[in-house]
Amino acid sequence: MNGSVGKEKVVVEVVAAHNLMPKDGEGSSSAFVEVEFENQRQRTQVKTKDLNPIWNEKLVFHINDVADLPYRTIEVNVFNERRSSNSRNFLGKVRVSGSSIAKEGEETPQMYTLDKRSLFSHIRGEITLKLYVSSREQVKVKDKDDGVVVSASASAPAPLSSKKKKMQHQNPALLLQHQQLVQDNKPSQQASNHANPVDPHPGELKPVVITTAPAPAVPVAAGGLAGVGGGGGMSLYSNFGSNEFSLKETSPHLGGGPLNKDKTSSTYDLVEQMQYLYVRVVKARDISFFGGAEIAAEVKLGNYRGVTKRVSSSSNHADWGQVFAFSKDCIQSSMVEVFVKEGNKDDFLGRVWFDLNEVPRRVPPDSQLAPQWYRMEDKKGEKSFKGEVMLSIWFGTQADEAFAEAWHSKAANVHFDALSSIKSKVYLSPKLWYLRVSVIEAQDVVLGDKGSTLVRYPELSAKLQVGNQVSRTRVSAASPNRSLSNPLWSEDFLFVVAEPFEDYLVVSVEDRVGPGRDEVVGRVLLPVAAIERRSDDKQVVSRWFNLDNHFGSSAEAKLATRFGSRIHLRVSLDGGYHVLDEATMYSSDVRPTAKQLWKPHIGVLEMGILGATGLMPVKIKQGKGGTTDAYCVAKYGQKWVRTRTVVDSLSPKWNEQYTWEVYDPCTVITIGVFDNCRTDKSIITNAGARDSRIGKVRIRLSTLESDRVYTHSYPLLMLHTCGVKKMGELHLAVRFSCANMGNMLHMYTLPLLPKMHYVQPLSVNQLESLRYQAMNVVSSRLSRAEPPLGREVVEYMLDHDSHMWSMRRSKANFFRLMNVISGIVAVSRWVECMRNWTKPLYSSLFVATFLLLVALPELIIPAMLLYMAIMGLWRYRFRPRYPPHMDTRLSHAESVYPDELDEEFDSFPTSRSAEVVRMRYDRLRSVAGRIQTVVGDMATQGERFQALLSWRDPRATFLFVIFCLFAAVGFYAVPLRVVVALLGLYALRPPRFRSKLPSRALSFFRRLPTKADSLL
């Protein structure tokens, strides 16, 4: 190095690696790390036969200018050394930005996920590094002949004691924990000792997956890695194998527990009983006061106060008819008081109080407790001669009929305008229909520009509109057999309409008079309610409709009437389809629209929404800090349910039970948790206020056993621009009851969708467009309910953005495909192992079995079926005992880059800068280039098959034809079993009788021409 090199050095301390991919063919790897920085390359020692190697080696590099360090990168590659062939296998790589390198004394261990070198690399594992700038380390060259430079300063780890060596030999993770504990006990030696990977859970031998990304670190939830990632640009998340993102089985006291069963257990047996004190204030009479002021009743229990609406008293009477519910765990007093007050005055006109020990308990299905008249006391505590209040008071549970409409004590701080938005409700989606419109032709169309001196060819098209849905035909083409005033289209269109039908179908004939200028020359309005309905594929009769030619003068109107402009339409409401308003893979209902085509339900789905725990605060209230006003929405079929909102609680308890009829077991119920923004008075006045998403859970009914109660807590996972985040846990109790198992099993043999989807199928583009229209119709209808179900809630529950491009989803789907193909790959590897005769006994048995099947081919299919049956029975012991849930590893949510997440959350069209869009476009081009190469290779192989008989290569085709002639004679003369046996024995011959060169048939095939030579 020249003299311009500075004193500072870049130190890369390679600490350890975890869960590496075995690449030596014996289930292990001999790993070493090679680090490259500014044309300087150094490597660590080789750790033989260790998938969790520990190096603790420092690699020191020169740097010319520390100021340029943020613009440099460090390449870290992990390899497996193959001593037999003097080569190496790639185990993974990490690219670290220079901006993440810390100063000396401030360095911390950073764990990175090993990245792939190409799209098809098989890589796994993590590596822990410490990167910092030091002026005390020196670079020393050990071996120049091999071209390998090794840092000599503190490169060798300290000698291990015999106990540590034994721990390292047994389990490297134990040694990591031991070293971490030593560092915690001796903080004064941290500057001189080597750093080790940070264990997020001391005492637990569970791996931690860390996603490497060039971005600031994401704050870690409780139980994550603390103090790591300060300058490293890494997002840290717990592994799926840990308890962070896993499903947990719970044991709630459903129905009040085994010792507290009552009549409600038959209806509310999937929730925990919650005790409430109910006070129903009906009315008051004979109230003595001056003036015609407004009167209100106040119910007081300890520090909780519930006030009725104010009513103007007429003839000293007042009617309220309101119910107040006080949770039993909030009771702070032994008596409840009811006051009657005048307006805003603090003094009361009368008072009634009750001892809680004397309050009766009501158990449904008993009828409601009859209210009674009670004489009120005055301020002195004496019973006055006048003034009575009618009320009833009792103890009950959430099964009480008054529960849904009652004022709850936990909502005491909610302002009056938001009280309706915190109550539990059941919504019904409107019944959706497909409106099919066939625009056939028009006749005697009168153009609107008769005064124009220009002679031009009319460009006539038809425009169709239903509500906010607009479609347009193409411009009618010229025809020698038709006049210009008789355009022909013959196009079909589909729209989504909902009952009750309030819209009109507007069909307009327009003439394009200029660029972007269309003139209406006639139109017809058809009420959707009057359109004919059909439930099969029989076409309805087409009809001619008169066009309304709305011109200026009455003379032209009479002329237009005499000409009689008409349009030929075929219009019908198709009830044989199921209108998809949710993603097909998550569909909760597949019944056709027409009710006469429905079949009886096959079972009942019952769900108890118990509560949530550990919710993340999503907003800040004045004087309360971070909080959440959570409510839950469940959607199955046309029925939506919304629980009440639990105010100011990070561990809300709902304990509400709902029931749905099930018509198909292969459907999905979706449960979402949201934060109610309407409880804040400052937000409710904002028209753009939206309820925040907290998380979502999907449960497929076909994965549930019949008549079994599943009680689990599901992780609520949200994908943000900074990574995946656990927002809490949702506690559910689910039971799927089957009325008739025969009908249930019969459903598995029927088509998933109604008959019309197969008789007149819709294209994928049509289904996506119609699904978007259906979602708009459903959201507009539900937003008109009280309390409204916001558009953001409906979109999130219906997965409106599932069709948008996402690099993360593309990777997840690719690896799902690879997982499916892995079974075929495993079988091919096993057959190749048999061909290699590495285990002669197994290969001999394989050859004997092959010859037996060739001799008795009738045993092949029975043997395969018997094998699958036995495997199915064997795996019954290991069947899943819990419902599926969101899998962060399968979704690739843990190993996603921040830029990919930012692209996924980007709007459409994009709102990002030109530089960001250019970078993403280049990345997409690189991925598409790989796919293009794979598709081209597949096309090449197919074209070679076509070239066998195309005479494109006359000599090759001549050889193939002559071979086919001789093979035909040979196959005719020799029995097929003998041919198959000979070919099998030839393919399974031992390696000593085989050549390493490709076979003659394969060489002949690879020489065939393809059309790739003709590509530009």
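Pairing residues of segment 579-592 that are within 10 Å of LEU432 (Cα to Cα) with residues that are among the basic types (Lys, Arg), at Cβ distances under 7 Å and at least 6 apart in sequence or on separate chains, gives LEU580/ARG771; ASP581/ARG771.
Going by the structure shown, is TRP394 under 30 Å from ASP286 (Cα atoms) and touching a Pro at 6+ places or on another chain (Cβ under 8 Å)? Considered against the rule, which asks whether it is under 30 Å from ASP286 (Cα atoms) and touching a Pro at 6+ places or on another chain (Cβ under 8 Å), TRP394 comes out as yes.
Mind checking whether some residue in segment 866-875 is in contact with a Ser or Thr (Cβ under 8 Å, 6 or more places away or on another chain) and not assigned by TED's automatic domain parsing to the domain that holds ARG735? Within segment 866-875 (the criterion being in contact with a Ser or Thr (Cβ under 8 Å, 6 or more places away or on another chain) and not assigned by TED's automatic domain parsing to the domain that holds ARG735), the answer is no, since none of the residues qualifies. Residues in segment 590-615 that are surrounded by fewer than 20 Cβ atoms within 10 Å (Cβ to Cβ) and assigned to a loop (DSSP other than H, G, I, E, B): 7 in all. The residues listed here are VAL76, VAL35, VAL60, VAL12; of these, the one that is surrounded by 22 or more Cβ atoms within 10 Å (Cβ to Cβ), among the hydrophobic types (A, V, I, L, M, F, W, C), modelled with pLDDT of 90 or more and over 23 Å from PHE90 (Cβ atoms) is VAL60. For segment 607-618, the count of residues that are in contact (Cβ under 8 Å) with a residue 12 or more places away in the chain, in contact with a helix residue (DSSP H, G or I) (Cβ under 9 Å, 6 or more places away or on another chain) and more than 26 Å from PRO788 (Cα to Cα) is zero.
One line per residue, one yes/no per condition, for (1) outside any helix (DSSP H, G or I); (2) assigned by TED's automatic domain parsing to the domain that holds PHE674; (3) in contact with an Asp or Glu (Cβ under 9 Å, 6 or more places away or on another chain):
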{"site": "ALA785", "(1), (2), (3)": "yes, yes, no"}
{"site": "PRO788", "(1), (2), (3)": "yes, yes, no"}
{"site": "VAL793", "(1), (2), (3)": "no, yes, yes"}
{"site": "GLY823", "(1), (2), (3)": "no, no, no"}
{"site": "THR838", "(1), (2), (3)": "yes, no, no"}
{"site": "TYR842", "(1), (2), (3)": "no, no, no"}
{"site": "LEU845", "(1), (2), (3)": "no, no, no"}
{"site": "LEU853", "(1), (2), (3)": "no, no, no"}
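Is it true that some residue in segment 90-103 is among the small types (Gly, Ala, Ser), crowded, with 17+ Cβ neighbours inside 10 Å, over 30 Å from ALA812 (Cβ atoms) and within 37 Å of the chain's Cα centre (by Cα)? There is at least one residue in segment 90-103 that is among the small types (Gly, Ala, Ser), crowded, with 17+ Cβ neighbours inside 10 Å, over 30 Å from ALA812 (Cβ atoms) and within 37 Å of the chain's Cα centre (by Cα).
Taking SER535, is it modelled with pLDDT of 90 or more and of a type outside the set (Val, Ile, Thr)? Spelling it out, SER535 is indeed modelled with pLDDT of 90 or more and of a type outside the set (Val, Ile, Thr). Total residues in segment 769-784 satisfying the condition of being among the charged types (D, E, K, R) and under 14 Å from GLN469 (Cβ atoms): the figure is 1. Taken over segment 619-641, the criterion of being farther than 23 Å from TYR586 by Cβ and in contact (Cβ under 8 Å) with a residue 12 or more places away in the chain is satisfied by LYS619, LYS621, LYS624, THR627, THR628, ASP629.
Apart from one condition, SER29 fits all of (1) surrounded by fewer than 21 Cβ atoms within 10 Å (Cβ to Cβ); (2) not in a strand (DSSP E or B); the exception is (1).
Scoring PHE993 on the criteria (1) touching a Leu at 6+ places or on another chain (Cβ under 8 Å); (2) loosely packed, with under 11 Cβ neighbours inside 10 Å leaves a single failure, condition (1). As for segment 973-996, it holds at least one residue that is under 51 Å from the mean Cα position of the chain (by Cα), among the charged types (D, E, K, R) and either within 21 Å of SER844 (Cβ to Cβ) or not assigned by TED's automatic domain parsing to the domain that holds VAL854 (or both). Residues in segment 651-663 that are in a loop (DSSP other than H, G, I, E, B) and surrounded by fewer than 23 Cβ atoms within 10 Å (Cβ to Cβ): SER651, TYR663. Could you tell me whether segment 642-650 includes any residue that is part of a strand (DSSP E or B), closer than 27 Å to ARG771 by Cα and in contact (Cβ under 8 Å) with a residue 12 or more places away in the chain? Checked against the condition, which is being part of a strand (DSSP E or B), closer than 27 Å to ARG771 by Cα and in contact (Cβ under 8 Å) with a residue 12 or more places away in the chain, segment 642-650 yields at least one hit. If we scan segment 444-453, do we find a residue that is assigned to a loop (DSSP other than H, G, I, E, B), modelled with pLDDT under 80 and of a type in the set (Asp, Glu)? Yes, some residue in segment 444-453 is assigned to a loop (DSSP other than H, G, I, E, B), modelled with pLDDT under 80 and of a type in the set (Asp, Glu).
The values are calculated or read from the model by the stated rules, or taken from the named source; none is laboratory data. In this text the structure is predicted, and so the values were computed from the model without any measurement. Ideal geometry is used to build each Cβ from the backbone, glycine not excepted, and the neighbour counts take in all protein chains shown.
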